[in-house]
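Nothing in this text is a laboratory measurement; each read-out follows from the coordinates by a stated rule. Worth saying up front: this structure is predicted, and the values here are computed from it rather than measured. Neighbour counts are summed over all protein chains in view; Cβ atoms, including those assigned to glycine, are modelled from backbone coordinates with ideal geometry.
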Amino acid sequence: MKYQAIENRYIAFLKNIKRYFENSTNRTLFQKRNTIKIVNFETDNYVVKSFKIPHFLNRVVYRFFRASKAKRSYLNSVKLLELKINTPKPIGYIEFTSIFFFQESFYVSEFFDYDFEIRAVFKDKKFPDRENILKEFIDFSYTLHKKGVYHIDYSPGNILVKKENNRYIFSIIDVNRMKFIEMPIELCMQSLAKLTKDKEDNAKILEFYGALSDESMLELKNCFTNSLLAEKNYLAKKKRIKKLKNIIRID
């Protein structure tokens, strides 16, 4: 068992995380490959993410050679807050292992009472104050890039939004796949190309980003167009592989 907590008062919570997690009164937010629940500890609610037990090879890799997704989620969240980038406050992580194998892991963060995901804005052309939200969101994205934050899973479902005092607070989640590096413009555009397929919205993204960037609009447009094409090809390949797996699957 390995764990780390932001405060000592959370250690008992982490050590007994399985019992807390299985409580029938918990609210499940997501359940697919991983499971995410709202869990009460003392008088507050926390978000607990249980990561799927990895396949055999990764059980060895995560045991000896690579940080687990739970640990990376915690360390990346701490780093983001140091950079003054919003993410739900990390509480801690815990890993369960045997002598030779990694078994399972949990990551705990504070519950962020958001109003909506940015996905809702991209999906609804009539979303209230839509233009202003998108502009402020691109401002936030530009800040991420300038601070060297490359969120590999920068998708609309991983950006939470809360309105406060007529401004929008953006908070990123699912941060275990993240790098802190200098961001060339090609990588910046690659990140933004994952947000939407809508041509009008992509034009707005370029317009808003171009107003902040020192790069020429022509360079931004070329990089963004190439990134959109690469993303389209990637998704098509992923779809073909999934279809092939379904064909050869044996029940």
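Okay, here's what the table says:
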{"item": "Ratio Rg/Rh, restricted to the chain and using Cα atoms, in which Rh is the Kirkwood radius", "result": "0.99"}
{"item": "On Cα atoms only, tilt of 199-210 relative to the major axis of the chain in degrees", "result": "90 degrees"}
{"item": "Calculated log₁₀ intensity ratio I(q)/I(0) where the Debye formula runs over C-alpha points of the stretch 2-110, q = 0.11 Å⁻¹", "result": "-0.34"}
{"item": "Projected label distance in nm at Glu22 and His55, using a 7 Å step from Cα toward the beta-carbon", "result": "2.8 nm"}
{"item": "Length-normalised contact order of the stretch 100-251 in % [C-alpha pairs under 8 Å, at least 6 apart]", "result": "22 percent"}
{"item": "The stretch 2-110, relative contact order in percent, only Cα pairs under 8 angstrom and at least six apart counted", "result": "30 percent"}
{"item": "Set of the stretch 1-25 residues, backbone N closer than 18 Å to the point 7 Å along the Cα-Cβ line of Glu82", "result": "4-7"}
{"item": "Modelled FRET efficiency - R0 25 Å, Lys239 with Glu186, Cβ distances, 0.05 increments", "result": "0.50"}
{"item": "Cα long-axis angle, helix 217-248 against the chain (0 to 90 degrees, to the nearest 10)", "result": "50 degrees"}
